Amino acid sequence: MSAPAYKRILLKLSGEALMGDDAYGINRATITRIVSEVKEVVDLGVQVAVVIGGGNIFRGVAPAAEGMDRATADYMGMLATVMNAMALQDAMKNIGLNARVQSALSIEQVAEPYIRGKAIRYLEEGRVVIFGAGTGNPFFTTDTAAALRGMEINAEIVIKATKVDGVYTDDPKTNPEAMRYKTISFDEAITKNLKVMDATALTLCRDQKLPISVFSIFKQGALKKVIMGEDEGTMVLP
Ligand SMILES: Nc1ncnc2c1ncn2[C@@H]1O[C@H](COP(=O)(O)OP(=O)(O)O)[C@@H](O)[C@H]1O
Ligand SMILES: O=c1ccn([C@@H]2O[C@H](COP(=O)(O)OP(=O)(O)O)[C@@H](O)[C@H]2O)c(=O)[nH]1
């Protein structure tokens, strides 16, 4: 059997991916399936750190957030990611995966603070580390948090699990003619404003030469294929 292409990865899970077919919140069957796919790659010996989004919960409160001060809304969004991180940790525990949550905002009764050295140690011990609260700063996204934490923990790749199966020439949700790239350079993704990841995240990864893989969370077995270096989704490369 061939070996995984990566030893350490940073997996960005979209909050909305946890909704399944629900309107918002966390869908039990969906989260269980996602963690079992993560377990498959952990069982291959891959060290996995996760940055989780918050769109599934924040969308539910979005009407209330309308007209709100942006920074306040962003802090609420970050707290939503902490809830997802806890749900993810719990779901991992249920299938025998040992996971730790670290939060970029201090809420020590709930989660330990982000400490880089400790996160790396956990990874070396074979535990999954889930980073909650994004970067801890308003006006950023969890995609940027994924790029940042990916660099900090020396991940070999940032893998974005999202609602579409790669980077397209245009938004495939609105343009049925859009074509998927197998690979694309950072410069092209940034200048063409392809949206699948925000420009701050793309620029950070470009400058540190940290590749990004974009694949669909809805496609069973896709994560493992990416890990095995097989052709799946889109690779964004320097
Ligand atoms: N060029 C493109 N290629 C792929 N997806 C795109 C593109 N432009 C816009 N999108 C949209 O970007 C979405 C993924 O980005 P985002 O909303 O940041 O996801 P996430 O919640 O997973 O972080 C997709 O659902 C897709 O509809
Ligand atoms: O470093 C960060 C990360 C996230 N957020 C807030 O948290 C929300 C949830 O994150 P995101 O939208 O990236 O989640 P996803 O789309 O992946 O579910 C964002 O909309 C922001 O309001 C933030 O302010 N700073």
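Below, the figures for the structure above:
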item	result
Residues located in the stretch 121-136, provided they are touching a residue at least 40 places away in the same chain (Cβ under 8 Å) and either away from ligand 2 (no atom under 16 Å from the Cβ) or on the phi < 0 side of the Ramachandran plot (or both)	Leu123, Glu124, Gly126, Val128, Val129, Ile130, Phe131, Gly132
Of the criteria (1) on the phi < 0 side of the Ramachandran plot; (2) at pLDDT 95 or above, which one Gly45 fails	(1)
Enumeration of residues in the stretch 12-33 that are basic (Lys, Arg), part of a helix (DSSP H, G or I) and within 14 Å of ligand 1 (Cβ to nearest atom)	none
Wholly enclosed strands (runs of 3 or more DSSP E) of the stretch 73-166 bearing at least 2 residues surrounded by 15 or more Cβ atoms within 10 Å (Cβ to Cβ) and within 16 Å of ligand 1 (Cβ to nearest atom)	128-132, 157-162
Qualifying residue in the stretch 184-200 (condition: polar (S, T, N, Q), out of contact with any Lys or Arg (no Cβ under 9 Å at 6 or more places or on another chain) and away from ligand 2 (no atom under 16 Å from the Cβ))	yes
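The values are calculated or read from the model by the stated rules, or taken from the named source; none is laboratory data. As the structure is a prediction and not an experimental result, all values here were calculated from the model. With ideal geometry, Cβ positions are generated from the backbone for all residues, glycine too; neighbour counts draw on all protein chains shown.
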